[in-house]
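Okay, so here's the structure we're looking at.
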Amino acid sequence: MRGFWSELEVRYGKLQATGRPLRPLAIRLPNGSERVFGGSAPPVCVVDLKSEAAFEAFASMDELTIGEAYMAGDISATGDILELFKLRDIMTDRRPLQYVWTNHVRPRLFGQVKGDVEFIGSHYDEPPEFFELWLDKDIRSYSHGFFERDDEALEVGMKRKFQYAIDAIGAKPGDRVLDIGGGWGSFVQYAGEQGIHVHSVTISDESEAYIRKVIANRGLSNCRVDKVHLLEFSARPFDGIVNLGVTEHLPDYKRTIAKYCELLAPGGRIYLDAYSGDKFGMSTFVMKWVFQSNTSPLCLPDYLKEVERSSLELLQVQSDRHNYFLSCKKWAENLDAHREEISARWGEFLWRRFHLYLWSSAFAFQDGILGAHRLVMEQSKDSHGRAMRNPNGQRRRLV
């Protein structure tokens with residue numbers, strides 16, 4: 001035990017030396033002994049190591065090992081869990097072979113599309129009723145909202161974002177709009193009820209079935225859904241395209257942008273938003289327990305380089321990090337409010353997995369580990385109304 005406390009004190013001292021604002025945090029061992037770090041005031045968060053296995057996991061200071069012990073119920077945390085995630089700076093996550101296999105080798109050996117289809121169910125094919133408990137109650141959006149105040153209702157922020165997306169691409173009743181990754185029918189419902197002809201594509205069985213029910217139950221004969229990967233989808237050009245939080249699952253920017261150019265009519269616009277950061281900069285926990293594929297934050301510099309080489313013209317790019325923080329925080333609070341129901345219907349493990357995922361995501365946005373951006377692009381056209389190429393990769397001015 002002495003060695004554990006000594007090592008933790010050394011690591012915590014290094015964390016304090018960075019100047020990061022820290023509030024008191026308590027660690028409680030299986031034998032009941034407890035140590036408070038970060039001052040003499042009452043701790044804002046208490047980490048309870050319930051067993052010898054929990055102690056060994058925490059003593060490893062390995063992020064994945066600790067996360068799995070938490071999901072197994074050996075570790076619990078009460079209080080302000082965002083404070084707990086500050087300890088990530090003194091933890092390790094060194095699995096280079098798994099990182100290279102997941103992000104580079106496997107997609108090249110078996111193909112991006114095959115991998116996406118194989119692993120989509122690890123996250124999105126949980127029962128829709130589970131997601132309904134903690135997403136917004138109106139349109140069930142699983143992408144971030146736009147908030148004017150931190151205490152604004154989740155439903156208000158989501159509807160504001162969806163209307164923003166519609167306005168950004170200039171969609172009006174009768175226009176054909178491609179919805180990439182339809183989720184739980186959010187854009188189909190919101191835009192379809194405005195008379196926009198939405199064609200949604202998804203590779204999730206649960207998502208496809210859910211969207212079909214939304215279309216049928218709401219009488220949206222102007223909308224449709226197909227189970228197909230974007231990179232294998234073909235259709236006549238659309239008036240607009242929306243991609244709400246799916247760019248992270250489309251890491252081949254060259255192929256993706258080429259597909260946009262193929263599917264977008266001259267003068268048509270694309271709205272997309274995504275969390276952003278280093279290319280393939282995901283933790284092992286996320287790759288194993290959240291998105292079992294080469295999911296990647298939007299690497300904005302790399303993405304814009306490919307846009308410059310295409311017929312798309314960048315009209316807008318804007319940071320959305322605080323909006324994404326608020327969205328994750330509100331989702332996590334909703335999830336926690338339904339802990340008993342989730343545990344009773346689907347097991348405590350599912351609640352713990354998403355509890356850890358959503359709160360750690362909120363922390364990542366709050367702390368600047370992850371960013372978020374919205375982009376608006378337009379298919380350039382020449383004086384004859386035809387799509388205009390940009391073969392020289394000439395830099396376009398942001399407006």
Could you give every pair whose Cβ atoms fall below 9 Å, whose first residue belongs to the stretch 177-190 and is farther than 14 Å from residue 137 by Cβ and not assigned by TED's automatic domain parsing to the domain that holds residue 248, and whose second residue is surrounded by fewer than 24 Cβ atoms within 10 Å (Cβ to Cβ) and charged (D, E, K, R), counting only separations of at least 6 or pairs across chains? none
Pick out the one residue from 372, 332, 344, 364 that is of a type in the set (Gly, Ala, Ser), over 30 Å from residue 267 (Cα atoms), in the same structural domain as residue 275 (by TED's automatic domain parsing) and in contact with a strand residue (DSSP E or B) (Cβ under 9 Å, 6 or more places away or on another chain). 364
Can you go through 345, 339, 309 and tell me which one is of a type outside the set (Gly, Ala, Ser) and either touching a Gly at 6+ places or on another chain (Cβ under 8 Å) or on the phi > 0 side of the Ramachandran plot (or both)? 309
Residue that is buried (at least 20 other Cβ atoms within 10 Å of the Cβ), of a type in the set (Gly, Ala, Ser) and outside the structural domain of residue 360 (by TED's automatic domain parsing), where the choices are 69, 26, 53, 59: 69
Any pair with Cβ under 6 angstrom, 6 or more apart, that starts in the stretch 120-148 at a residue that is over 13 Å from residue 183 (Cβ atoms) and ends at one that is part of a loop (DSSP other than H, G, I, E, B): 122/292; 133/338
Which of the following residues is buried (at least 21 other Cβ atoms within 10 Å of the Cβ) and assigned by TED's automatic domain parsing to the domain that holds residue 325: 146, 131, 119? 146
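Yes or no, residue by residue, for (1) over 17 Å from the mean Cα position of the chain (by Cα); (2) over 21 Å from residue 337 (Cα atoms); (3) modelled with pLDDT under 95:
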residue: 72; (1), (2), (3): yes, no, no
residue: 105; (1), (2), (3): yes, yes, yes
residue: 133; (1), (2), (3): yes, no, no
residue: 156; (1), (2), (3): yes, no, no
residue: 160; (1), (2), (3): yes, yes, no
If I filter the stretch 34-44 for residues that are in contact with a Phe, Trp or Tyr (Cβ under 7 Å, 6 or more places away or on another chain), surrounded by fewer than 18 Cβ atoms within 10 Å (Cβ to Cβ) and touching a residue at least 12 places away in the same chain (Cβ under 8 Å), do I get at least one hit? yes
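The values are calculated or read from the model by the stated rules, or taken from the named source; none is laboratory data. Owing to the predicted nature of the structure, the values given are computational and were not obtained by experimental measurement. FYI the Cβ positions are ideal-geometry reconstructions off the backbone, even for glycines, and counts take in every protein chain you see.
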